[in-house]
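Beneath this line is the structure, given in structure tokens, with notes to follow.
The values are calculated or read from the model by the stated rules, or taken from the named source; none is laboratory data. All of these numbers come straight from a predicted model, not from anything done at the bench. All Cβ positions, even for glycine, are placed from backbone atoms using ideal geometry, and neighbour counts span all protein chains on display. Only protein heavy atoms, including side chains, enter the accessible area calculation; ligands, DNA and RNA are left aside. Shrake-Rupley method; radii C 1.70, N 1.55, O 1.52, S 1.80 Å.
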Number of protein chains: 2
Amino acid sequence: MSLEPLSKKLCKGDHVENNEFTSFKNLNVVRILQDKPESKAAFIHGRFEGRDEDAVVIVEKTPFSAETIQQVLSSDTTLTTHHINDIYGTYSGYPKPELNDIKATIIFPATEKHIIKYTDQPIHAINETGDDYKIVTLPYLKKQDFHIQWVYNILEKKAETERVLFEDPDPKIGFVLLPDMKWDKKHMENMYMLAICHRRDVLSLRDLTEEHLPMLRNILSKGLNAIKEAYGVNEDQVKIYLHYQPSYYHLHVHFTHLKFNAPGSSVGKAYLLTDVIDNIVLMSNYYQGKTLTFVATEADPLYLEFVKARKATNHD
Amino acid sequence: MSLEPLSKKLCKGDHVENNEFTSFKNLNVVRILQDKPESKAAFIHGRFEGRDEDAVVIVEKTPFSAETIQQVLSSDTTLTTHHINDIYGTYSGYPKPELNDIKATIIFPATEKHIIKYTDQPIHAINETGDDYKIVTLPYLKKQDFHIQWVYNILEKKAETERVLFEDPDPKIGFVLLPDMKWDKKHMENMYMLAICHRRDVLSLRDLTEEHLPMLRNILSKGLNAIKEAYGVNEDQVKIYLHYQPSYYHLHVHFTHLKFNAPGSSVGKAYLLTDVIDNIVLMSNYYQGKTLTFVATEADPLYLEFVKARKATNHD
């Protein structure tokens, strides 16, 4: 079957033209893939009437804006009361639609991969001992192709050169500092910078020993300096940490604004650089022996390696 | 001036009666006290026309609900296009007001304290060394009246007895386990339980040594067991941590669902109980010597103590 223009098949004229929708007309909700009440977002699997393909729809409420808040807080917004207690009253308010938009993303046609990607996955905490790392994690890492050419491209100035804020070119203790893709570089309170070390033989926190202390201290002090100079953000306004497990296995350090509740800054994922330095000073092989807890989805291949390994151990 | 009924002074008839509002009519925005774009909430200082008193208005967008999502994703919600790229399209959507309510809290008349409470405060990271704790923090704590009678009331079964899920009455290693006030006890993915130890001589993480290992291990294992039995939440679905600084200085442990991005679960505030146990096993006085980083607002008296102490040191 050839793919005819959507506008002919999908809708009777008024809500879509060339994959561009003017409303959610004819969309049937199949399933809520994921609900994020904290951020007021939802991921939905849908199907348009008369079509076999799947759609994924992502909806998210928008933040209030300084420009329109006075219009929202006007006689146009009616209120219904929940309860009143002395000086405190709680209500449901109903602003005019044009002042209360939602952000919508429509993926159509969506593949099975899109649906899996946006489906809420069960997650598990795994306590990885030093031995687990050697027996399960490291062999798994060695089997993988990590696609970190993009990291080498940055370090070799073959890519993103204009984004680099600061570089210390020293091959032993040097690093490159640049903004994380998630940061818009406008809102300082969402500041998110990454320091990527020049050394290529340090996979993660697990590898760090006293040998790396000069590099870690260098990243800490020069990273903070560069951020202060470029953005005016003081050192006591910055949270500096490593991830374990990281999303790629070439040592890098996250610098985020203290006010920013950055994804991945939770305990059990983030390790303060100052704590890492202190612990290595206390004991050079602290991070080789320490049990590190990380969280993985059931679809994560590393989680499956752990399930396999735990089963094998139980059968011994 | 006597306080006449609001309905007479404030509005011409239709939007308020006995401190109950039917719209935001006549409200002038003085200032946005705090913007929380991540949770789509805002705190506003306002004044009603013809009134001298201040008002604080808190508005927050509501999560999507399974009951109404199909109505939101219908022909009633018009879309305007941001951009289209192949199968991906992003839009602004405009649901009908009754399907897109906001939660509003009106505090009126509001005091200066309300305004300060809801105003965004500058925050700072403080690196508290072991010596800082002895010289600055502990003397400050001793000066305070901590109002932890409510903790003793729970431990002595004078209050909240019906909320207690589990108790180990042992005076040395025992504890009481009960839901945190923030948890509705309905949504398992927001599970939030607190274990409060019976010992009254342990202020915080700072006091813990090998002497307390039996208590910590007891809280860990019996706490997880009780949660599994009562709520069916498996141990690898639970995050268990202490706060430093804690909100009250009587040792307690937080048990939250792994999926819940609980306030206070960030690195620099939360310390995994398993890490605490490991570190004390490694070195009994680990938490007396370790520099602990905590975040404080400028209005926090402990922050002011540190500012004073740092100045005094610099003048020496």
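Annotations for the structure displayed:
- Checked against (1) under 27 Å from A:Q237 (Cα atoms); (2) of a type in the set (S, T, N, Q); (3) out of contact with any strand residue (DSSP E or B) (no Cβ under 9 Å at 6 or more places or on another chain); (4) at pLDDT 95 or above, B:N314 meets all criteria but (4).
- Cβ-Cβ contacts under 6 Å between residues 6 or more apart (or on different chains), taken from a first residue in region B:49-76 that is facing chain A (nearest Cβ under 7 Å) and at pLDDT below 95 to a second residue that is open to solvent by 70 Å² or more (accessible area, probe 1.4 Å) and in a loop (DSSP other than H, G, I, E, B), are absent.
- Within region B:38-91, the set of residues being farther than 22 Å from A:T80 by Cβ, outside any strand (DSSP E or B) and open to solvent by 60 Å² or more (accessible area, probe 1.4 Å) comprises B:E38, B:E49, B:G50, B:D52, B:Q70, B:S75, B:D86.
- Look at (1) open to solvent by less than 10 Å² (accessible area, probe 1.4 Å); (2) closer than 13 Å to B:L208 by Cα; (3) without any contact (Cβ under 8 Å) to a residue 60 or more places away in the chain and you find that B:D278 fails only one, number (1).
- Test: B:S247 is modelled with pLDDT under 95, surrounded by fewer than 20 Cβ atoms within 10 Å (Cβ to Cβ) and among the polar types (S, T, N, Q): yes
- Failed item, numbered, when B:G289 is tested on (1) open to solvent by less than 30 Å² (accessible area, probe 1.4 Å); (2) within 9 Å of chain A (Cβ to nearest Cβ): (1)
- Residue list for region A:211-241, restricted to those being assigned to a helix (DSSP H, G or I), touching a Leu at 6+ places or on another chain (Cβ under 6 Å) and of a type outside the set (D, E): A:L220, A:G223, A:A226, A:A230, A:Q237
- In this structure, B:E60 qualifies as touching a strand residue (DSSP E or B) at 6+ places or on another chain (Cβ under 8 Å), among the charged types (D, E, K, R) and over 28 Å from A:R47 (Cβ atoms).
- Number of the exception - A:N261 against (1) closer than 19 Å to B:L292 by Cα; (2) within 10 Å of chain B (Cβ to nearest Cβ): (1)
- Region A:18-37, residues that are buried (at least 16 other Cβ atoms within 10 Å of the Cβ) and touching a helix residue (DSSP H, G or I) at 6+ places or on another chain (Cβ under 8 Å): A:N19, A:F24, A:V29, A:I32, A:L33
- Any hit, region B:213-224, residues being in contact (Cβ under 8 Å) with a residue 12 or more places away in the chain, buried (at least 20 other Cβ atoms within 10 Å of the Cβ) and more than 24 Å from the chain's Cα centre (by Cα): yes
- Any hit, region B:301-316, residues being open to solvent by less than 60 Å² (accessible area, probe 1.4 Å) and more than 22 Å from B:N127 (Cβ to Cβ): no
- Condition met for B:K259 (in contact (Cβ under 8 Å) with a residue 24 or more places away in the chain and open to solvent by 20 Å² or more (accessible area, probe 1.4 Å)): yes
- Checking each residue in region A:225-238 for being surrounded by fewer than 19 Cβ atoms within 10 Å (Cβ to Cβ), within 16 Å of A:E189 (Cβ to Cβ) and out of contact with any helix residue (DSSP H, G or I) (no Cβ under 7 Å at 6 or more places or on another chain) picks out A:A230, A:G232, A:D236.
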